[in-house]
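Here the structure comes first, spelled out in C-alpha cells, and everything after it is commentary.
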Amino acid sequence: MIEPDQIIYLDNNATTQLDPAVVEEMVPYLSRYYGNPSSGYTFGAQVRQAVELARERVAALIGCTAGEIIFTSGGTESNNTAVNSALQLAPDRRHVVTTAVEHSAVLRHCEQLRQRGYDVTFVGVEESGELRLDELESAIRPDTALLSVMWANNETGVLFPLERVAELAHRRGVLFHTDAVQTAGKLPIGVRNLRVNSLSLSAHKIHGPKGVGALFVHRTTPFRPLLFGGGQENNRRAGTENVASIVGFGKAAERALAALADEIGRVRLLRDKFETAMRDSVDGMFVNGGSASRLPNTSSLSFRGIESGAALILLDQDNVCCSAGSACRTGSHEASHVLRAMKIDNERLRGSLRFSFGRFNTESDVDRSVPVIRRVVERLRALSAGGAPPVAA
Ligand SMILES: Cc1ncc(COP(=O)(O)O)c(C=O)c1O
C-alpha cells in the first residue's frame, strides 16, 4: 500500500481526504449508536436526531431549509433523481436540455433516455469552455421538461452563469436542475438567490465520506422519487439511511462553510502559484478554460508533444496524483468529452492533465510537484523526439 504521506495529492476534484473531525463525528454511529432512525424508541430516535442535525448543516451550506434536503447515495443518484423527477411529473414533455460537458452522471442518463425514446439536446460550449447561452435558449421547446446545467465543470473548473440560466428557465416555464457537486465547498452557494428547482451535492468532494450526497428540492417544486420502498426522507427517497455517512456529510458541510471565506483565497493563491510556476518552467503549455471565470482550485493544463496517459504513468512513479480527465480510466485513454466540446486542437487534447487543489494542500505541494511535472513533460518530449523509452511502473 502506498501511504498518504508519500504522495502529493493534486486530484481534489476526483475525491478529497476525509477531514479527521468528520471521522470523529462518524465513529459513534458506526459502533455504539446503531439504532434505526425510523424506530420509535429512544435508541432509534437519538440516531434520527443526528440525521436531522446533519440535514440542518447541509442546508446551511447552501442556504436552504432542512426540509428541502433529501439525502442520497451521492452526486450520481442526486442527478439521476432530479432528471427522473422532472420527466415523471410531466409525462407529455419528452425533451431534456443539458450541456455537452456535464459529468457522466447526467450525460449517460440522458443517453439512456434517448434510447428510451426521449429527445435530448446537448448544448455546446465556446473554446473558452463558456456556455453558449443563445444555443441554450433556442434549444428550449414547448415539450421541454427540464434544463439540467452544471454549475462548475469538474475538468476545467469553468463556471456557468447560473443566474442567467435560471432566469431563462423561469421565463420559459421549464424546471431547472443544477449539478453543484464541484461548486460546494469551493464557492459560496445561496440557493435562495439562484432560483433553481433542484441542486445536487456530494459529500466526498468536501472532505466527507464517499457514497453519500444530497438533492436540494425547492419547497415549492413538485417532486417524484426515484426509489420506492419505506417512507424514509419524508417519502422522497426510500431505504434505511446511511446514518454514519450522513452524519459525516453534515460535519463536512459545517466545516466547509466555516472554512470557506479563508479557503477560497488560499486555494486560489496555491493554484495560481502552480500555474505561474508551470508556465515559467515549461514551454508549449496552455490553461484550458483559463480565460473564463473558473473555480479557484482547478487547473486543466495541456502540454504540446506529450500523451497524458504516459504522463500519468510517470507522475504516478513520482507519487504525484492528478488526472487526465474523467473519460481517462485505466485501459481507456479516450480524449475528454469536455475538452473535445471546447474544440481545442488534437495535440492539446492528447496532452491534457487536470490538477485540483484542496484544503489539505500546502505551498510545499506546489514547490515539490512543479519540478516533477516539468521533468515528466521534458522526458516525454525527448522520447517523442527519438530518445529512450520511459521505464514502466
Ligand atoms: C460534476 C460532478 N457531478 C457528479 C459527480 C458524481 O458524484 P458521486 O461520485 O458522489 O456520485 C461528480 C464526481 O466526480 C462530479 O464531479
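Could you list, in sequence order, all residues of region 231-274 that are in contact with a Gly (Cβ under 8 Å, 6 or more places away or on another chain) and more than 28 Å from residue 203 (Cβ to Cβ)?
None - no residue of region 231-274 is in contact with a Gly (Cβ under 8 Å, 6 or more places away or on another chain) and more than 28 Å from residue 203 (Cβ to Cβ), so the list stays empty.
On the given criteria, is residue 185 within 15 Å of the ligand (Cβ to nearest atom) and farther than 20 Å from residue 146 by Cβ?
It is true that residue 185 is within 15 Å of the ligand (Cβ to nearest atom) and farther than 20 Å from residue 146 by Cβ.
With the condition kept exactly as written, say whether any residue in region 227-247 is part of a strand (DSSP E or B) and either in contact with a Leu (Cβ under 9 Å, 6 or more places away or on another chain) or open to solvent by 10 Å² or more (accessible area, probe 1.4 Å) (or both).
no
Conditions tested, residue by residue: (1) crowded, with 22+ Cβ neighbours inside 10 Å; (2) of a type outside the set (S, T, N, Q).
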residue	(1), (2)
95	no, yes
104	no, no
108	no, yes
127	no, yes
143	no, yes
150	yes, yes
167	no, yes
178	yes, no
186	yes, yes
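Out of region 341-372, which residues are polar (S, T, N, Q), over 26 Å from residue 265 (Cβ atoms) and not in a strand (DSSP E or B)?
Scanning region 341-372 gives a single hit, 346.
Need pairs with beta-carbon distance below 7 Å; first residue under 12 Å from residue 246 (Cα atoms) and among the basic types (Lys, Arg) and within region 45-69, second open to solvent by less than 10 Å² (accessible area, probe 1.4 Å) and at pLDDT 95 or above; sequence gap 6+ or separate chains.
From region 45-69, the pairs are 48/37; 55/69; 57/250; 57/253.
Only one of these is away from the ligand (no atom under 15 Å from the Cβ) and open to solvent by 20 Å² or more (accessible area, probe 1.4 Å): 63, 35. Name it.
Matching residue, one of 63, 35: 63.
Looking at the structure I just gave you, is residue 212 within 15 Å of the ligand (Cβ to nearest atom) and either at pLDDT below 95 or closer than 30 Å to residue 21 by Cβ (or both)?
Considered against the rule, which asks whether it is within 15 Å of the ligand (Cβ to nearest atom) and either at pLDDT below 95 or closer than 30 Å to residue 21 by Cβ (or both), residue 212 comes out as yes.
Just give me the residues in region 188-204 being away from the ligand (no atom under 13 Å from the Cβ) and either among the hydroxyl-bearing types (Ser, Thr, Tyr) or assigned to a strand (DSSP E or B) (or both), in sequence order.
Within region 188-204, just 198 meets the criteria.
Which fully enclosed strands (runs of 3 or more DSSP E) of region 79-152 have 2 or more residues being within 16 Å of the ligand (Cβ to nearest atom) and modelled with pLDDT under 95?
Passing ranges: none, list empty.
The values are calculated or read from the model by the stated rules, or taken from the named source; none is laboratory data. The structure displayed is predicted, hence computed values, not measured ones. Backbone-built Cβ (ideal geometry, glycine too); neighbour counts: all protein chains shown. Areas reflect the complete protein model, heavy atoms only, side chains present, ligands, DNA and RNA absent. Shrake-Rupley method; radii C 1.70, N 1.55, O 1.52, S 1.80 Å.
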